[in-house]
Amino acid sequence: MPFFDTSIRRHNANGKNIYRFAIYKCERDHTWNEKLATYKSLTEHVEVPEQKTMAENLALPVLPVLDYKEQGVREVRIAIESGDARYRLDKLLASQLAGWSRSQIVQKIKDGRIRVNQREAKPSAILSASDVSVMAIG
């Protein structure tokens, strides 16, 4: 079965080497990678740009869920109105909720206490525009 070039290129790093590959596919969607080049990494010559947190990228306020619980709030709804990026449910909530760790959030998702669009979801669910997350706080 012939493979065709998808024009997709990927880079992998291993130690001090960086490898560039071309991605090929067949009709059955199997992939094959052809190594195109090997480069030496020079980390001491590279300036690493400062990374923004997910909260900074989204410009959303961090929600104090423990304060909400003390005030008697039983449920919080988070609606994603628009967005260019795609975020995992557990990572997004961990960056936006003060007072809950990511492992606590994952457990609440698995227990069904955090739902997306009125359905149970996996912690790795990818959120997009118009999704609504509902969390039981109490």
Legend entry - Extension reserve of the Val132-Ser7 stretch, reckoned as 0.36 nm per residue once the Cα distance is removed: 41.4 nm
Inset, instruction - Between Tyr39 and Ser101, take the C-beta separation as r, use R0 = 41 Å, and let me know the FRET efficiency to the nearest 0.05. - result: 0.60
Legend entry - Gain in span if fully extended, Lys16 to Gln118, counting 0.36 nm per residue against the direct Cα distance: 32.0 nm
Legend entry - Accessible surface of Arg113 - all protein chains present, 1.4 Å probe, nearest 10 Å²: 80 Å²
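The values are calculated or read from the model by the stated rules, or taken from the named source; none is laboratory data. Values in this document were obtained by computation on a predicted structure and should not be read as measured data. Because the Cβ atoms are built from the backbone with ideal geometry, glycine has one as well, and the counts that use them run over all protein chains shown. These accessible areas exclude ligands, DNA and RNA; they are computed on the full protein's heavy atoms, side chains included. Shrake-Rupley method; radii C 1.70, N 1.55, O 1.52, S 1.80 Å.
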